[in-house]
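Here is the structure we will look at.
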Amino acid sequence: MISKTPTRKEAFDLLLKYNQNESLIKHALAVEGVMRYFARTRGEDEEKWGIIGLIHDLDYEQFPERHCKKTKEVLWEQNWPEDYIRAAISHGWGICIDVQPETDLEKILYAVDELTGLVVTTALVRPSKSVMDLKAKSVKKKWKDKRFAAGVNRSIIEKGVQMLDMELQDLITGTIMGMREIAEDIGLA
């Protein structure tokens with residue numbers, strides 16, 4: 001069977017088939033926006049990176065105990081390309097699956113999945129409740145307070161930054177820039 005490249009609409013419809021939780025949908029949109037931003041800045045396939053960001057947590061709401069594994073099954077059944085499937089599930093490396101991020105796409109997804117949560121939480125405690133005026137400096141300040149956004153696994157972000165050979169500041173800035181582009185859709189304009 002020949003796999004077919006999914007469209008953004010097909011990916012979004014699939015996301016909505018498996019997810020009704022507004023927070024999870026906004027998270028998917030945030031990660032999609034960030035992935036598109038990083039793809040563009042690196043001269044990569046923005047559509048591919050965005051689609052993978054959009055569906056990376058496809059199974060999380062309905063199958064949290066089979067996270068990433070169920071996504072792999074669903075995407076396989078939908079005849080998605082192997083590299084899309086691998087990239088999508090690699091964000092669960094060391095948590096729920098043993099597929100280590102290897103490409104830049106996979107490493108960025110791995111790092112920004114958690115980081116978007118910290119950016120959202122930081123934006124929401126600001127008077128503007130927006131990413132439009134948020135700076136990396138503010139996120140880094142909140143980063144140090146382990147009680148703030150305690151659910152965000154900072155060690156995963158740090159591991160991602162090391163894999164990418166990037167500065168944390170640059171990853172945070174890129175994440176904010178990507179989220180600004182879809183701020184309206186995620187309620188952070």
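Computed from the coordinates by the stated procedures, all read-outs in this text should not be read as laboratory data. Just so we're clear, the structure is a prediction, and the values are computed from it rather than from any experiment. Here the Cβ positions follow ideal geometry from the backbone for every residue, glycine too, while neighbour counts run over all protein chains shown.
General observations
- Computed E for Lys129/Thr173 - FRET, C-beta separation, R0 22 angstrom, nearest 0.05: 0.65
- When Glu46, Glu32, Glu82, Glu73 are arranged by Cβ crowding within 10 Å, least crowded first, meaning fewest neighbours, the order is Glu82, Glu73, Glu46, Glu32.
- Between Lys137 and Thr121, residue separation times 0.36 nm minus the direct Cα-Cα distance comes to 4.3 nm.
- Qualifying trypsin sites (Lys or Arg not before Pro) in segment 15-91, where qualification requires a DSSP coil assignment and no more than 14 other C-beta atoms within 10 Å, comprise Arg42.
- Helical runs assigned H by DSSP (4 residues or longer) give the chain a calculated mean residue ellipticity at 222 nm of -19000 deg cm²/dmol, each run adding -39500 (n - 2.57) before division by the residue total.
- Shown is the FRET efficiency for Asn153 and Glu184, computed with R0 = 45 Å from the Cβ-Cβ distance and rounded to the nearest 0.05: 0.95.
- Within a straight-line Cα-Cα reach of under 14 Å, Lys135 can be paired with the following aspartates and glutamates, leaving aside sequence neighbours fewer than 8 residues apart in one chain: Asp170.
- Above-threshold pairs, the threshold being 22 Å between Cα atoms, out of Lys4/Lys69; Lys17/Lys48; Lys72/Lys107; Lys17/Lys72; Lys129/Lys159: Lys129/Lys159
- Measuring max minus min along each principal axis, the C-alpha atoms of the chain give extents of 51, 35, 31 Å (largest first).
- Cα centroid separation - segment 116-189 against segment 21-82, whole Å: 19 Å
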